[in-house]
Amino acid sequence: MSQNLSLKVAPSSKDDYLECPFDKGHVIMRSRMTVHLVRCAPNHHGSKKVRCPFNNTHIYTISKMKIHVGTCPQRAGFEEFMNKNEIAQTDELPYEKREEIECGEDWDKEPEVRTYDPKLYCDKKFLIRNPQGNPPGVRRQIRESERKRFQQHHKF
């Protein structure tokens, strides 16, 4: 019998592994770095390191971060996002077009139908009401009124 086993093999290239910025002894796969940093960062409160505003996995000391911010590879995407309006004013996306849509309905107008009144509905229909939860005197009155209502309903 042959079993179809799926095995996950660790990456073989050194480029696929990164060193943890908090502990050089931690060598983590690139794809798992964000998860590792969430778990590892609370253990290093004393380290005076800050995160890059463009990529959360870039963590450096304050002096190195000043240099890194100017050369961060993810900065290009941020710059493109910020200057989107200056680059292409004519390239409007379909969801950015604002057109008035004519409609005959007035959604602020109150409906012409009255609202639902459960007590009125029960009075008109042949339903048995449960007097539980009321004081004994009120339950007695409800039972009497129900008996009278049922007797009138059966006369027809």
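Hey, can you tell me all the residues within region 109-156 that are of a type in the set (Phe, Trp, Tyr) and modelled with pLDDT of 80 or more?
Those that are of a type in the set (Phe, Trp, Tyr) and modelled with pLDDT of 80 or more: Tyr116, Tyr121, Phe150.
Could you give me the residue pairs with C-beta distances under 8 Å whose first residue belongs to region 128-152 and is within 17 Å of Pro118 (Cβ to Cβ), whose second residue is of a type in the set (A, V, I, L, M) wherever it lies, and which are 6+ apart or on separate chains? Correct list of pairs: Arg129/Ile142; Pro131/Val138; Pro131/Ile142; Asn134/Ile142; Glu146/Ile128.
What are the residues in region 36-49 that are surrounded by 16 or more Cβ atoms within 10 Å (Cβ to Cβ) and among the β-branched types (Val, Ile, Thr), if any? First the steps, then the outcome.
Quick first cut of region 36-49, residues surrounded by 16 or more Cβ atoms within 10 Å (Cβ to Cβ) only: 36-37, 40-41.
Within region 36-49, no residue meets the criteria.
Taking each residue of region 39-65 that is without any contact (Cβ under 8 Å) to a residue 40 or more places away in the chain and closer than 16 Å to Leu18 by Cα and looking for partners that are part of a helix (DSSP H, G or I) and open to solvent by 50 Å² or more (accessible area, probe 1.4 Å) with beta-carbon atoms closer than 8 Å, six or more apart or interchain, yields Asn56/Thr34; Thr57/Thr34.
Of the residues making up region 131-156, those that are within 51 Å of the chain's Cα centre (by Cα) and loosely packed, with under 10 Cβ neighbours inside 10 Å are Gln132, Gly133, Pro135, Pro136, Gly137. Just one of (1) open to solvent by 70 Å² or more (accessible area, probe 1.4 Å); (2) within 19 Å of Arg32 (Cβ to Cβ); (3) of a type in the set (S, T, N, Q) fails for Thr57. It is (1).
The values are calculated or read from the model by the stated rules, or taken from the named source; none is laboratory data. Keep in mind it's a predicted model, so treat the numbers as computed, not measured. Glycine gets a Cβ as well: all are built from the backbone with ideal geometry, and neighbour counts include every protein chain shown. The area values use the complete protein model at the heavy-atom level, side chains included, leaving out ligands, DNA and RNA. Shrake-Rupley method; radii C 1.70, N 1.55, O 1.52, S 1.80 Å.
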